[in-house]
1. Tell me, what is the FRET efficiency for Glu23 and Ser96 to the nearest 0.05, using R0 = 25 angstrom and their Cβ-Cβ distance as r?
2. Using 0.36 nm per residue, how much length does the chain from Leu164 to Asn67 gain when fully extended, once their Cα-Cα distance is taken away?
Amino acid sequence: MIESTHLSDNAKRGHLFHITAQEVILSGILSIPENAHGIVLLTHDMEGVAKQPHKYAIALAQSFYTNGLATLLVDLFASEEQQVDKETGFFRTNTSIMEQRITGIAEWLREQPETTNLSLGYFGIGVSGAAALIAAAERPDIVRAVVSAAGRLDMAQEYLSRILAPTMLIVAQNDTAEVRRHQ
């Protein structure tokens, strides 16, 4: 599913990286600190891209990096798919596509010499949070921790009991409807 060349020295320092998933090229930023003890796959869904969470996600990735965790910050949809979604809404809530891409990227990270020995965690926001939970349930052998922030648990409900990795669900304190739903 994922095809790419060996990681370059530039990728280790936090540069733009391209991963081919089937026929689509996904863009991401890979950062690997010296003596990293884990890697976090930070994902964007279609809605997150529209709201431009990159500034927040980059700050989060920098915090992980400072604390010895490598990060791969990746948009789960190519620009062509984002354009199609504006017209059709096809990709916006397609957790199946997102889950497949998260799993494929995770498998690819396991094959890279620079990341193969790092414990992997997923961090998804919104619909990609639901997809991260589904990916953790479908392939528990890959992931060691999952964080779903403002995740659409309704979209992953049937998978939650199958997740083996430690899991954190983050909900905004003032989002009382969502807080009640998770109690």
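Laboratory data are not the source of any read-out in this text; all were calculated from the coordinates shown. Computed from a prediction, not measured in an experiment: that's the story for all the values here. Note that we place each Cβ from the backbone using ideal geometry, even for glycine, and neighbour counts take in every protein chain shown.
1. E(calc), rounded to 0.05, equals 0.95.
2. Values: separation 97, 0.36 × 97 = 34.92 nm, distance 2.44 nm.
Between Leu164 and Asn67, full extension yields 32.5 nm more.
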